[in-house]
Amino acid sequence: MRDRLLSLHPGLSVSLEVVHTSGDRLSDRPLPEIGGKGLFTAELEEALRGGGIHVAVHSLKDLPTGPTEGLCLAAVPLREDPRDCLVSRGGLGLDDLPRGARVGTSSLRRAALLRSVRPDLEVLPLRGNVDTRLARVDSDELDASVLAVAGLRRLGLGARAARPLDPEAFPGAPGQGALALQTRPEGDARRLASALHHVPTARAVEAERALLATLEAGCQAPVGALALETGEGRLRLVAAVVSPDGRRSVRGVEEGPASEAAALGNGLARRLLDGGAAEVVASARGGAAGERR
């Protein structure tokens, strides 16, 4: 991101500041157990408000869907591959894993989808950075893990993403693969960052996040969604809401003008709610509360 800003604004001085969030520090506990909003964003936003940084770079899937007081979303850059992938010993695909195989993930969504498509698997909690997760697969502690293709590629580990999962059956988190550049509304930072805005990506993630907001599910809920342009200015939005045990899923597809991305997401969410998604989301929320207790 720094290099892209410099290429667009020659002579600009850009320094990188590493801000560790609660989600980073509490890597030994499952995310549902930690609970709360802003696990991966609060400290960055505090640094923005305090003037310690001028631009916060978030993984968009971690950014709450509601407005953030005193801050604005300056840009959504071009998206990386939004799919999840299976990383396994021997390069096995999801259908090839033996019965009872141990698959690690920290995501409620991934765990629910795994149980939905392969109820015979043993799904185990897995936190830590990408290197830690890969090491637990490579050391035979786990048979496989599910990771974001985008995360692996950004770390130069794209070769480990050889088994991407079908997003129709296994949609990623809303906003997955996309970044969000957040700034204060005043000053030059917003204007400078806005040069990185990519309209097709912004429209796609707007549809996904509108769906999430209408479902009132939250960033950590077992909700998958992916919007892709189909040509001629149209979007196709695929979504799934899955119970934590994987036994119940509500799925849907909606197409419409990309210029009406939010309406597309809202409309599909309402159809999912009519089909029983509210009960599925409530069961997931109750299960997460139980883990925290």
*Please work out which one of (1) out of contact with any Asp or Glu (no Cβ under 7 Å at 6 or more places or on another chain); (2) part of a helix (DSSP H, G or I); (3) under 25 Å from Ala225 (Cβ atoms); (4) of a type outside the set (Ser, Thr, Tyr) is the condition Val123 fails and give its number.*
(2)
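Does Ala239 satisfy the criteria of being of a type outside the set (Val, Ile, Thr), over 21 Å from Leu108 (Cβ atoms), in the same structural domain as His54 (by TED's automatic domain parsing) and touching a helix residue (DSSP H, G or I) at 6+ places or on another chain (Cβ under 9 Å)? Spell out how you get there, then give the answer.
Details: of a type outside the set (Val, Ile, Thr): yes; over 21 Å from Leu108 (Cβ atoms): no; in the same structural domain as His54 (by TED's automatic domain parsing): yes; touching a helix residue (DSSP H, G or I) at 6+ places or on another chain (Cβ under 9 Å): yes.
Here the answer is no, as Ala239 does not meet what is asked.
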*Taking segment 171-216 as the region of interest, how many residues are among the β-branched types (Val, Ile, Thr), in contact (Cβ under 8 Å) with a residue 40 or more places away in the chain and within 22 Å of Asp3 (Cβ to Cβ)?*
2
_Residue that is farthest from Ala210 (Cα to Cα) [pool: residues in segment 234-248 that are touching an Asp or Glu at 6+ places or on another chain (Cβ under 9 Å) and not in a strand (DSSP E or B)]_ = Arg248
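How many residues does segment 177-208 contain that are of a type in the set (Asp, Glu) and in a loop (DSSP other than H, G, I, E, B)? Let's see the steps before the verdict.
First, the residues of segment 177-208 that are of a type in the set (Asp, Glu): 186, 188, 206, 208.
From what's left, in a loop (DSSP other than H, G, I, E, B): 186.
The total comes to 1.
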*Going by the conditions given, is Leu113 crowded, with 20+ Cβ neighbours inside 10 Å and more than 25 Å from Asp62 (Cβ to Cβ)?*
no
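Residues of segment 71-105 being part of a loop (DSSP other than H, G, I, E, B) and under 15 Å from Asp166 (Cα atoms), which ones? Reasoning before the result, please.
Pass one, segment 71-105, residues part of a loop (DSSP other than H, G, I, E, B): 71, 76-83, 92-93, 97-101.
Residues satisfying the conditions are Asp81, Pro82, Arg83, Leu92, Gly93.
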*If you take the residues of segment 33-49 that are at pLDDT below 90 and farther than 14 Å from Asp62 by Cα, which of them is surrounded by the most Cβ atoms within 10 Å (Cβ to Cβ)?*
Ile34
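In segment 59-70, what residues are touching a residue at least 12 places away in the same chain (Cβ under 8 Å) and either assigned to a strand (DSSP E or B) or more than 16 Å from the chain's Cα centre (by Cα) (or both)? Write out each step before concluding.
Here is the first cut: in segment 59-70, the residues touching a residue at least 12 places away in the same chain (Cβ under 8 Å) are 59-66, 68, 70.
Scanning segment 59-70 gives Ser59, Thr68, Gly70.
The values are calculated or read from the model by the stated rules, or taken from the named source; none is laboratory data. Note that the coordinates shown come from a computational prediction; the quantities given were computed from them, not determined experimentally. Neighbour counts run over all protein chains shown; Cβ positions are idealised from the backbone, glycine included.
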